1. Using only alpha carbons, build the gyration tensor for region 159-264 and give me the equivalent ellipsoid semi-axes, biggest first, whole Å.
2. Towards the positive end of the charge dipole of region 177-268, with charges on Cβ (+1 Lys, Arg; -1 Asp, Glu), say which of Ala219, Tyr250, Pro198 has the farthest Cα.
3. Run the simple label-point estimate for Val140 and Val63 please: 7 Å along Cα→C-beta, distance reported in nm.
4. Let me spell out the model: positive unit charges on the Cβ of Lys and Arg, negative unit charges on the Cβ of Asp and Glu, origin at the Cα centre of region 190-285. What dipole size does that give, in debye rounded to 20?
5. Just the Cα atoms of region 28-87: what Rg and Dmax do they give in Å?
6. Would you mind ranking Arg182, Arg73 by Cβ crowding within 10 Å, fewest neighbours first?
7. Which of Ile118, Ile191 comes first, and how do the rest follow, when ranked by fewest Cβ neighbours within 10 Å?
8. Counting only residues 5 or more places away or on other chains, whose amide H sits under 5 Å from the amide H of Gly226 once H atoms are built in the peptide plane?
Amino acid sequence: MRHEVQEGPWKSAFRRLIRNRSSLIGLIVLIALILVAVFADQIAPFTFREQNLDATFLMPNAVNFFGTDNFGRDIFSRVVYGTRISLMVGVISVSIALVIGGGLGAIAGYFGGYLDTIVMRFVDVLISIPSILLAISISVTLGGGLRNVMIAVGIGSIPSYARVMRASVLSIKELQFIEAARALGTKKHIILLRHIIPNTLAPVIVQSTLGVAGAILAAAGLGFIGLGIEPPNPEWGAMLNAGRQFIRDYPHMSIYPGIAIMITILSLNLLGDGLRDALDPKMDR
């Protein structure tokens, strides 16, 4: 008698993900962006700092694919290097928010009582302030620079991860296998770390994917208003801001960084939507 091998939940989720055409496109574009970030030194024909004052404001041509800016710097090279910075900001900012916010949400949801009340009131205070405004306030306090931008964006995203984690923990902690672990005398922190948190990964992965897009957009917003990464580092938002004053005569200075932001955010949103469907246990396509 032939026995069918049961497909694991993660393998099944991946199969559903790649069957979704839009999420597959998002995944392919995101992989391409990661490769561009990793191999920026090999892809970019010039360094992002290299200036040529005899070749300012050049329109796109065979040498400078996206043209040059007001300092004669190659815009294509700066956009390529900007991919590395933007993805780094997105991933590290989300990691900060996930560790702090996810940790607070897990503790609040599992232990409940006064601890839950205190943690969630703190989260409510944070969530009452628009995340971009909170990020601006922190960035003004800490100053510019890559590290401070990541901290500012990460702290501004803490409330959403705390809420997602708390909701997931509340839905899992009363299930039978958790009751069985308690009955066996397993310590509370072991139950939380070994049994509950691993089962909250699905919504957290979806939130993190969409959160990277939000973090990149927030960092670009900070760069656009002059509170982001300090020049001459090629951050896309700062490049948009630099090209704003020349947009009537030299629109290429703003168009290409804007397209880079749009493509990155779109790919992450498509992938996040696909992950939401793929990781839903009720979805069986």
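Bear in mind these aren't lab numbers, they're just calculated from the coordinates by the rules spelled out. In this text, all values refer to a predicted model and were calculated from it rather than measured experimentally. Here Cβ is always computed from backbone atoms with ideal geometry, including for glycine, and neighbour counts include all displayed protein chains.
1. Semi-axes (√(5λ), whole Å): 47, 12, 9.
2. Pro198
3. Spacing of the two 7 Å Cα→Cβ label points: 4.4 nm.
4. 120
5. In order Rg, Dmax, the Cα atoms of region 28-87 give 11.9, 39 Å.
6. Ordered by Cβ neighbours within 10 Å, fewest first: Arg182, Arg73.
7. With the fewest neighbours first, Ile118, Ile191 line up as Ile118, Ile191.
8. The list, which skips near neighbours in sequence, is empty: none.
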